[in-house]
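The values are calculated or read from the model by the stated rules, or taken from the named source; none is laboratory data. All values derive from a computational prediction rather than experimental measurement. Because the Cβ atoms are built from the backbone with ideal geometry, glycine has one as well, and the counts that use them run over all protein chains shown.
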Amino acid sequence: MRVAPVTDPEIIEGYNTDALGYRGAPEGLFRPADEAEVREILEWASAERRAVTPVGLRSSTTGSCVAPSGYLLSLERFQAPPDIRPDTCTAVVQPGLNLAELKAQLEAQGLFFPPDPTSEPDCCIGGAVATNASGARSLKYGAVRNWVRRLRVVLASGETLELHAAAVDKNAAGYYGFQDPIQFFIGSEGTLGVITEIELRCLPLPADYLALYAFFPTEAMALAAAASFRDSAPGVRCLEYFDGGSLALIRDEKGAPVPAGAGGMLFVEEEAPAGGVDALLEAWLERLEGSGARVDDTMVGDTRARKEEMKALRHAIPSTLNERGIRCRDAGGGKVSTDWAVHYRRIAAMFPAVRAICRAHGLEDVYGYGHVGNGHPHFNIVAADAEAKARARAAVHEMCRLVQAAAGTVSAEHGIGKVKKEFLPYCFPPRAIDWMRAFKRELDPALILAPGNIFDF
């Protein structure tokens, strides 16, 4: 084999953890420079039955990018300048490009790529596709899946597929899942193939947008307002909630200007035509007045710099909690987080139910925030030690049973990875999981790709 793996333990160690500190035990590291080298690596791995875990910038919070054995396959060298095509609102990119940098390059040419995962400054576009990432603006624009036009994928055998998203609105040919096969690979977490090229669909860059923080006396009032705003403001692209604990966190640790006594906050973004932000702000202030918000405390992003500062403070909440979780790992603890979603009208009832579950399990260090506009909050529990972590996971199981009863999902954007496999049966009956395993075996008979992700064999 022309491509030799790196076996230096010190180098490998730099690739051996994800954003929450989950660790693997790889014996080597491949850093291919092109698709031909990826094919060679996978042909060798299949023949030798050696495990290979594809990785990007390792921003996962589910352990999907750590290798329990075998080899890591880093796509960090797949960073050729993107082929941006403003005339067709498309871009052809390699998977190793940092997402924030890619979006800046698109913006410089008047294009807008809507998905905005919280890990945007730290993740690559290949990882975003492999996990079907989304973010705050998914309320209006959906997840990454909606914005992928074409993929090149190398299978475990070395065979290369070029897959195009469905180009018709109606299709009655064959089984539904196979009418748009590109969708099997978006969100597959490296288990079905290695993505080597992506063609993205973009939009013209919006002329302007309004950003504001709205504070409420209580959590119940903020959640009720969120449901109301979802119905009364159909153009809103971001409708996020942060509980009192999350607000105290960014006030105390990041110096955020959070007003005293705030029981909850909504983060809102809505696009406006050039010169139209003032009128939009007036409409939102009127909505807030009628919802019981503390209107005088409303924070408005009136400059680009201010908008970026507000977004950074929102992103500081999960990153700060990640840091706290990592500090607890030596004692067997860590951050236990949820990624479930239900219909947005159920959120106001889910929050007190989840709070009650956490109290029943003796959990106090609990933070609730996230994408309530589309029914997708994140509850983060910081467990000080192994015993607290066990109680936290038991609590999450109870939450998942509520989610199952509400016809929701246990993972709306972070994937399953290695740490959430036990929750998958709340979404699918055993036979359906068996079908997924069978499909995985069809594409990867030796089971070399991303072992331990999504399910075990």
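Overview of results
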{"item": "Test set (1) of a type in the set (A, V, I, L, M, F, W, C); (2) crowded, with 16+ Cβ neighbours inside 10 Å; (3) not in a loop (DSSP other than H, G, I, E, B) - ALA104 fails condition number", "result": "(2)"}
{"item": "Flag if ASP252 is over 23 Å from ASN380 (Cα atoms) and loosely packed, with under 14 Cβ neighbours inside 10 Å", "result": "no"}
{"item": "Residue under evaluation ALA167, criteria (1) touching a strand residue (DSSP E or B) at 6+ places or on another chain (Cβ under 8 Å); (2) in a loop (DSSP other than H, G, I, E, B); (3) surrounded by fewer than 17 Cβ atoms within 10 Å (Cβ to Cβ), criterion not met", "result": "(1)"}
{"item": "Qualifying residues in region 292-307 (those that are within 30 Å of the chain's Cα centre (by Cα) and surrounded by 12 or more Cβ atoms within 10 Å (Cβ to Cβ)) - the one farthest from ASP208 (Cα to Cα)", "result": "ALA293"}
{"item": "Hey, LEU97 under 24 Å from GLU162 (Cα atoms) and buried (at least 19 other Cβ atoms within 10 Å of the Cβ) or not", "result": "yes"}
{"item": "Hey, ALA214 small (Gly, Ala, Ser), assigned to a strand (DSSP E or B), in contact with a strand residue (DSSP E or B) (Cβ under 7 Å, 6 or more places away or on another chain) and surrounded by 23 or more Cβ atoms within 10 Å (Cβ to Cβ) or not", "result": "yes"}
{"item": "Out of LEU223, LEU192, LEU200, sole residue that is assigned to a helix (DSSP H, G or I) and closer than 30 Å to SER60 by Cβ", "result": "LEU223"}
{"item": "Per-region count, region 321-335, residues under 14 Å from ASP365 (Cβ atoms), of a type in the set (D, E, K, R) and touching a residue at least 24 places away in the same chain (Cβ under 8 Å)", "result": "2"}
{"item": "Residue among ARG346, ARG355, ARG401, ARG327 that is of a type in the set (Lys, Arg), surrounded by fewer than 16 Cβ atoms within 10 Å (Cβ to Cβ) and modelled with pLDDT of 95 or more", "result": "ARG401"}
{"item": "Cross-chain or 6+ apart pairs with Cβ under 9 Å, region 433-447 first and assigned by TED's automatic domain parsing to the domain that holds PHE185 and within 16 Å of GLU159 (Cβ to Cβ), then surrounded by fewer than 12 Cβ atoms within 10 Å (Cβ to Cβ) and modelled with pLDDT under 95", "result": "none"}
{"item": "Test: residue in region 139-147 that is touching a helix residue (DSSP H, G or I) at 6+ places or on another chain (Cβ under 7 Å), of a type in the set (D, E, K, R), assigned by TED's automatic domain parsing to the domain that holds PRO117 and buried (at least 18 other Cβ atoms within 10 Å of the Cβ)", "result": "no"}
{"item": "Number of the exception - LEU73 against (1) touching a Cys at 6+ places or on another chain (Cβ under 7 Å); (2) under 19 Å from ILE448 (Cα atoms)", "result": "(1)"}
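Condition check ((1) more than 15 Å from MET350 (Cβ to Cβ); (2) in contact with a strand residue (DSSP E or B) (Cβ under 9 Å, 6 or more places away or on another chain); (3) of a type in the set (Ser, Thr, Tyr)) across all residues:
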| site | (1), (2), (3) |
| --- | --- |
| GLY373 | no, yes, no |
| HIS378 | no, yes, no |
| LYS389 | yes, yes, no |
| VAL396 | no, yes, no |
| GLN404 | no, no, no |
| VAL410 | no, yes, no |
| HIS414 | yes, yes, no |
| GLU422 | yes, no, no |
| ILE433 | yes, no, no |
